[in-house]
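**Q** Got a structure for you, questions after.
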Amino acid sequence: MRLLLIEDEAKLGEYLRKGLAEESYTVDVATNGIDGLHLAMELDYDLIVLDGMLPGIDGFAVLAALRQAKSTPVLMLTARSDVQDRVRGLQSGADDYLIKPFAFSELVARIQVLLRRAQAHPASPEPTVLRQADLELDLIRRKAVRAGVRLDLTAKEFNLLALLLRRQGEVLSRTELASQVWDMNFDSETNVVEVAVRRLRMKVDQPFAAPLIHTVRGMGYVLESRAQP
């Protein structure tokens, strides 16, 4: 079993690496979020142990980016015991949470549980191209096309469209979009989601006959094909 440990505390990282190696795991170590995300995206791991507080980009941002492309089991570590912090991690796609300081034996036990769960319910291969009607999004090449026309999207617009496509037909609230795409807690005074959706619509829908991104009043947004009146 190959694990990725993303931990910026050098002593703790080395301690965990040695201990997990003694448990017969092969362990790669990254000491910041940028390197950790690169390894997680480029290589295939059976499980990732991810610290929530990291230099470069924090663990929540790493997790949000990872979940755009992969379903690798993630065990998050944090020094914060705040319930809201744990909820945020789990809602962002973490499979389990462990608060520092922790016993090494508990870490191993939680890893074993997550690996058994993953083996019992193997994830279907993640699609690299998402489609709806004449819209196509290539996650590897970071390319968006509708009706044969290349769409010029910013990084956030691409991630927002990817999330809507992954969960097409499902109404996503502004709170969830803010958390998944911007890694932020939704503030009712902030219109960042509305502005981003409006700009995305101008590129994805406005030049074409049939809109795909729809507003569900009081609930959020949904991407789906609808019959034209």
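**Q** Considering amide H positions built from the backbone, and no H for Pro or chain starts, which residues 5 or more places from Val74, or on another chain, come under 5 Å of its amide H?
**A** Ile48, Asp95, Asp96
**Q** Antiparallel as a % of all DSSP beta bridges within the chain, to the nearest 5?
**A** 50 percent
**Q** For every other residue with a beta carbon closer than 12 angstrom to the beta carbon of Leu164, add +1 if it is Lys or Arg and -1 if Asp or Glu, then tell me the sum.
**A** -2
**Q** OK, next. Give the lysines reachable from Lys11 as a straight Cα distance under 24 Å; neighbours fewer than 8 places away on the same chain don't count.
**A** Counting by Cα, and skipping residues close in sequence, Lys11 has these lysines nearby: Lys100.
**Q** Before anything else, pin down the relative contact order of the stretch 1-133: Cα pairs under 8 Å, at least 6 apart, normalised by residue count, whole percent.
**A** In percent, rounded to a whole number, it is 21.
**Q** What are the residues whose amide H is under 5 Å from the amide H of Leu151, where those residues sit 5 or more places off or on another chain and H is modelled from the backbone?
**A** Result for Leu151 returns Ala144, Val145, Arg146.
**Q** So what's the stretch 27-156 giving for Cα Rg divided by 2.2 N^0.38 Å, two decimals?
**A** For the stretch 27-156, the normalised Cα radius of gyration comes out at 1.20.
**Q** With every protein chain present, what accessible area does Tyr45 have (1.4 Å probe, heavy atoms only), rounded to the nearest 10 Å²?
**A** 20 Å²
**Q** Here is a further query. Give me the percent of accessible area attributable to carbon and sulfur for the chain, probe 1.4 angstrom.
**A** Carbon-and-sulfur percentage of accessible area, whole number: 51.
**Q** Do you know the relative contact order of the chain, to the nearest whole percent, from alpha carbon pairs under 8 angstrom that are 6+ apart?
**A** 13 percent
**Q** How large is the accessible surface of Thr78 in square angstrom, using a 1.4 angstrom probe and rounding to the nearest 10?
**A** About 0 Å², rounded to the nearest 10.
**Q** Rounded to the nearest 500 deg cm²/dmol, what is the calculated helix-only ellipticity per residue at 222 nm for the chain, with -39500 (n - 2.57) per DSSP H run of length n ≥ 4?
**A** Counting only the DSSP helices, I get -12000 deg cm²/dmol.
**Q** Less than 25 Å apart at the alpha-carbon level, and either on another chain or at least 8 residues along: which lysines does that give for Lys143?
**A** Result set, ordered by chain and number: Lys70, Lys156, Lys203.
**Q** For the stretch 136-152, in order, what is each residue's ³J(HN,Hα) by Karplus, 6.51 cos²θ - 1.76 cosθ + 1.60 with θ = phi - 60°, in whole Hz (x at glycine and Pro)?
**A** 9, 10, 9, 6, 6, 7, 6, 10, 10, 9, 10, 6, x, 9, 5, 9, 8
**Q** Now a separate question. When only the heavy atoms of the protein chains count and the probe is 1.4 Å, how do Ser105, Ser173, Ser92 rank by accessible area, highest first?
**A** Ser105, Ser173, Ser92
**Q** As an exercise, use a Förster radius of 41 Å and the Cβ-Cβ distance of Leu90 and Asp134 to find the FRET efficiency, rounded to the nearest 0.05.
**A** 0.70
**Q** Under a 5 Å amide H to amide H cut-off, with H placed in plane at 1.01 Å, what residues pair with Val29 once short-range neighbours are removed?
**A** Counting only residues 5 or more places away or on other chains, the set is Leu5.
**Q** Now for a separate question. Report the extension gain between Thr175 and Thr190 in nm, rounded to one decimal, defined as 0.36 nm multiplied by the number of residues separating them, less their alpha carbon distance.
**A** So the extension gain works out to 4.3 nm.
**Q** How large is the accessible surface of Leu151 in square angstrom, using a 1.4 angstrom probe and rounding to the nearest 10?
**A** Roughly 20 Å² of Leu151 is accessible to a 1.4 Å probe.
**Q** When the solvent-accessible surface of protein heavy atoms is calculated with a 1.4 angstrom probe, in what order do Ile140, Ile213 fall, highest first?
**A** These residues rank, largest area first, as Ile140, Ile213.
The values are calculated or read from the model by the stated rules, or taken from the named source; none is laboratory data. Note that the structure is a prediction, hence the values are computed from the model and not measured. Cβ coordinates were reconstructed from backbone atoms using ideal geometry, including for glycine residues, and neighbour counts include every protein chain displayed. Side chains included, ligands, DNA and RNA excluded: accessible areas come from the protein's heavy atoms. Shrake-Rupley method; radii C 1.70, N 1.55, O 1.52, S 1.80 Å.
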